[in-house]
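Colleague: Before I ask anything, here is the structure I am working with.
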Amino acid sequence: MKTKLVLPFAVSTRSGIKGFTKDMEMAAVLYLTESNRKKGEGHILNRSDEKLVFLAENHYPVWLVPWNGGTLLFDGLGVAEHTLFHDRLPDVGAFKKDVQNARTSEAYSAVLSQNADYFEKSAGEEEKTIEGLISSPDFMRDFSAYLSEARESERPTSSKAFLPPIINKSEISASVAKLSNAKAGIDEDLRNIDASMRTLNMATRKKVKAVRAEIRQIRKGSDRRIRKVRRSVTQRTHRIRVKHNKRIAAISRRFQRQSRLLHKDRVRYEKTWRRLRAEVHRCETRLKSCRRRRNKRGEKRWNHRLSRLKKKLPVFEKSIREVDKRVARLESARNSEISQQRLRCEVLVEEAKKMLRELEASREADIRMKRQEIASLGNTMSVITKQMNELAKSKRAALNRFDAIAMRRRRKSYMLVYMPFYFARYEREAKKRYVVHPPSIVSGMGILTKMKGAMGSPRMKDFLQPRSKAVSLFLNQLVTLIEKDSMFEKEVTEAGIQNSILRQKKLRIGVKRGLKQLREENWLSKNELQTLGKLLYIYA
């Protein structure tokens, strides 16, 4: 007989009832089911009460599937599904082939320029749907904690229904293979991106090395031609400078001769002027002496002579000034002629150096172009590498999503685990309604619950609390499935009626015991106990 892994419906907390029994569980669920039954809405609307058709414990099948060091959860009824999305990688092989086939630096630069935005956008989005796979993080977290309470069961129970799994091992294996192939494809994409980045990096380094070798060849060839031309230019410029230095020296000698004559005249004029000044001083001294002695005749003679000397002084002063002006004009003319010669010399020297300058400029231009080519290769490679890194980041995120769909529990083989729930069906006239009671936690009677009881409010609504919102949402999808599939609804209804705790005598007796136990624990009031007792009698 096959072993079933079955989860408990209700577990008591530390503050809950210590002697919690299956009878109390059924009684509590019956209380909640009856409380949820819609009553008639008076004589005006003339609507009857809802009728409880059945209330039965059922079990939802969930497959535990080992995968990638963890455990996948598969919905046994195949309601759940998970769609994987990831970017489709551009043709990496074509890109690598173009990069490897580019023999020259120019061809390689062209390849990089043409593919500068090759990896900027993906080749589209790829999606794969894994039917039955449960991927809700909240459900997996809560179910993983819930799973530690599972127990193996081999004994068949007539009072419990087990929904048969619709998807079998072979279908799950196909889905797992699909999932593994998708993950392997992303791993392969990452390896291809990494290989392409290495190829691109190596090819770029190789081309940069070749361009640097070209720079060295340019410098070497240019330097050889420049040295040869420089020797010729140096000789020519030397001859030009020597020639013009001679001309400048000749100009200097010519002006020096003229300047020497002018300086001689100035010296002569200056000596005469000084001699006249000394003679004037001597006459003035004699004149003063004659005046002291009152020598009228001598005074007249020296006064006449002094007058003649003073008339000559301005003449020589003017001659000196004229000589100074002529010397200044001569110096200016000399400087002008020398400057013109030097300017002509520099012009001729620059003309002689023109070829040398052009060779040097050509060398620098060629080297600058090659350096720009290196910078362009590096920049374009950086752009493409950044795009590849973004794609790789997207692929790694996709891989992380694969890790997120598996619980961190290792298993060696497939296992079917059954999750219990109570299922109720109500009917009123032609309408029917289904309610799922999910796995719950048995709470203790806290202060607030006691206060509710003291104020006349029901306490039982606090007795069972759903253990997980995610598990509750998952089980409630059963209602949607029933509404869509009439055959499935028929099977569930037949099983529910057959295993209803209201139909089977043994279960009704257990519910009655559970109601008394709840009354003893003060969860039920006397009136509630009587009401539910009458309900059991009616359904009996």
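Colleague: Anything in region 494-521 that is within 60 Å of the chain's Cα centre (by Cα) and part of a loop (DSSP other than H, G, I, E, B)? List them, or say none.
Modeller: Scanning region 494-521 gives N499, I501, E521.
Colleague: Let me ask something else. Looking only at region 115-122, decide whether some residue is of a type in the set (K, R) and either closer than 30 Å to Y418 by Cβ or in a helix (DSSP H, G or I) (or both).
Modeller: no
Colleague: On the basis of being among the hydrophobic types (A, V, I, L, M, F, W, C), within 30 Å of I134 (Cα to Cα), out of contact with any Asp or Glu (no Cβ under 7 Å at 6 or more places or on another chain) and buried (at least 17 other Cβ atoms within 10 Å of the Cβ), does L179 make the cut?
Modeller: So L179 passes the test.
Colleague: Being small (G, A, S), surrounded by fewer than 19 Cβ atoms within 10 Å (Cβ to Cβ) and in contact with a strand residue (DSSP E or B) (Cβ under 8 Å, 6 or more places away or on another chain): is that true of A174 here?
Modeller: Considered against the rule, which asks whether it is small (G, A, S), surrounded by fewer than 19 Cβ atoms within 10 Å (Cβ to Cβ) and in contact with a strand residue (DSSP E or B) (Cβ under 8 Å, 6 or more places away or on another chain), A174 comes out as no.
Colleague: Quick check on this structure: which one of E346, E351, E337, E358 is part of a helix (DSSP H, G or I), modelled with pLDDT of 85 or more, acidic (D, E) and over 30 Å from R227 (Cβ atoms)?
Modeller: E337
Colleague: Quick check, is I186 in contact with a strand residue (DSSP E or B) (Cβ under 9 Å, 6 or more places away or on another chain), assigned to a helix (DSSP H, G or I) and either touching a residue at least 60 places away in the same chain (Cβ under 8 Å) or hydrophobic (A, V, I, L, M, F, W, C) (or both)?
Modeller: So I186 passes the test.
Colleague: Of all the residues that make up region 68-77, how many are buried (at least 20 other Cβ atoms within 10 Å of the Cβ) and assigned to a strand (DSSP E or B)?
Modeller: So the count comes out to 5.
Colleague: Does E528 qualify as being among the charged types (D, E, K, R), part of a helix (DSSP H, G or I) and over 58 Å from the mean Cα position of the chain (by Cα)?
Modeller: In short, yes.
Colleague: Okay, next question. Looking only at residues that are modelled with pLDDT of 90 or more and out of contact with any helix residue (DSSP H, G or I) (no Cβ under 9 Å at 6 or more places or on another chain) in region 456-479, which one is nearest to P61 (Cα to Cα)?
Modeller: Of everything passing the filter in region 456-479, L475 is nearest to P61 (Cα to Cα).
Colleague: Let me ask another. Of all the residues that make up region 353-378, how many are polar (S, T, N, Q) and surrounded by 13 or more Cβ atoms within 10 Å (Cβ to Cβ)?
Modeller: 2
The rows are residues; the columns are (1) out of contact with any Pro (no Cβ under 6 Å at 6 or more places or on another chain); (2) assigned to a strand (DSSP E or B); (3) surrounded by fewer than 17 Cβ atoms within 10 Å (Cβ to Cβ); (4) of a type outside the set (D, E, K, R).
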| residue | (1), (2), (3), (4) |
| --- | --- |
| T83 | yes, yes, yes, yes |
| G93 | yes, no, yes, yes |
| D98 | yes, no, no, no |
| A107 | yes, no, yes, yes |
| L112 | yes, no, no, yes |
| K128 | yes, yes, yes, no |
| D142 | yes, no, no, no |
| Y146 | yes, no, no, yes |
| E149 | no, no, yes, no |
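Colleague: Also: Among the candidates A328, A365, single out the residue that is assigned to a helix (DSSP H, G or I), at pLDDT 90 or above and either more than 24 Å from Y269 (Cα to Cα) or of a type in the set (K, R) (or both).
Modeller: Exactly one residue qualifies, and that residue is A365.
Colleague: Being among the hydrophobic types (A, V, I, L, M, F, W, C) and free of Cβ contacts under 8 Å to residues at least 24 places away in the same chain is the filter here, so list the residues in region 210-267 that pass it.
Modeller: Across region 210-267, the qualifying residues are A213, V242, A249, A250, L261, V267.
Colleague: Is at least one residue of region 395-408 surrounded by fewer than 16 Cβ atoms within 10 Å (Cβ to Cβ), assigned to a helix (DSSP H, G or I), free of Cβ contacts under 8 Å to residues at least 24 places away in the same chain and of a type outside the set (G, A, S)?
Modeller: Yes: one or more hits.
Colleague: Taking region 94-136 as the region of interest, how many residues are at negative phi and touching a residue at least 60 places away in the same chain (Cβ under 8 Å)?
Modeller: The qualifying residues number 21.
The values are calculated or read from the model by the stated rules, or taken from the named source; none is laboratory data. Computed from a prediction, not measured in an experiment: that's the story for all the values here. Note that we place each Cβ from the backbone using ideal geometry, even for glycine, and neighbour counts take in every protein chain shown.
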